[in-house]
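Down below is the structure, laid out as structure tokens.
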């Protein structure tokens, strides 16, 4: 059975000066791809075909998407440090380099999973910004050029925190706790990956499933190369059985109560996520 997904809100980033595009439906191929990747720790897997709907990379460079593994790029070394909420959106496909000004090794597309690509900035140099990427290995970073009006910038006042030890989710807005909840995290053999990542997309099934909303992040399972036909992408989502909250029982995803999911739905794409414990 293939689950059809549509995006439920505009992929906007919070900013006083950057309007970000409106909502649109995923293509049929991208819906199948979304269904395939949104089952890492999201309960029962659903059969789905190979990922589709991905734009071709120029000059055979790999695309920096949730489906790819990138080589030649450094990983985030400040995996527990807070980020300042600065986000960037490539207005068109943009090359990614291992160093500021270095040769391109990948391409960051302007959209992913039916919505605009927004990624958090972890370092800045004149004309260049190092950003977190949604590809394997986890915490992969790359440098993109900010010259020539190639990117939009924005700021998210939110930070989403997950503590695996206490199994608590906390949403912080403008330095103040907006809410905290007991959640379910990855089991011992399929743990939720730690470190800094970000909200990658916002998707909802058109037919009833275990969650009315699924929020994939820019991280993957450390123990599962694939799951349900997808690349093992981790996500936030709801769960109908409240008895799972407070337990380590998932395949890597974070299962959250309904109120937490409602609050997460207001968090802009690209918002930093910090997973510890």
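Throughout, read-outs are computed from the coordinates displayed, never taken from laboratory work. As the structure is a prediction and not an experimental result, all values here were calculated from the model. Note: ideal-geometry Cβ built from the backbone for every residue, glycine included; neighbour counts use all protein chains shown.
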Over what distance in Å are the Cα centres of segment 134-193 and segment 212-277 separated?
11
Quick one: give the max-minus-min coordinate of the C-alpha atoms of segment 58-155 along each principal axis, largest first, in Å.
34, 29, 28
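Arranged by the count of other C-beta atoms within 10 angstrom, fewest first, what order do 68, 166, 250 take? Can you show the working numbers first?
On the way: 68 20, 166 15, 250 25.
If I rank by nearby Cβ atoms, fewest first, I get 166, 68, 250.
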Would you list 78, 220 from fewest to most Cβ contacts within 10 Å?
78, 220
Area projected by the alpha carbon convex hull of segment 168-277, averaged over all directions, nm²:
6.8
I want to check the label-to-label distance for residue 174 and residue 226. Put each point 7 Å from Cα in the C-beta direction and report it in nm to one decimal.
4.7
For a label point 7 Å along the Cα-to-beta-carbon line of residue 71, residues of segment 133-157 with backbone N under 14 Å
137
Can you tell me the convex hull volume per residue for segment 99-183, based on C-alpha atoms, in Å³ to the nearest whole number?
146
Give the relative contact order (percent, whole number) for segment 220-277; include only Cα pairs under 8 Å separated by 6+ residues.
28
Distance in nm between residue 81 and residue 187 label points, each 7 Å along Cα→Cβ, equals 3.7
Stretch gain in nm, segment residue 210-residue 110, where the contour uses 0.36 nm per residue and the Cα spacing is subtracted:
33.0 nm
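I need 79, 97 ordered by Cβ neighbour count within 10 Å, fewest first. Numbers along the way, then the final one.
Values: 79 15, 97 19.
Ranking 79, 97 by Cβ neighbours within 10 Å, fewest first, gives 79, 97.
Compute the FRET efficiency between residue 247 and residue 61 as 1/(1 + (r/R0)^6), taking r as their Cβ-Cβ distance and R0 = 41 Å, and round to the nearest 0.05. Write out the running numbers ahead of the final one.
Working: r = 42 Å, r/R0 = 1.02.
E between residue 247 and residue 61, to the nearest 0.05, is 0.45.
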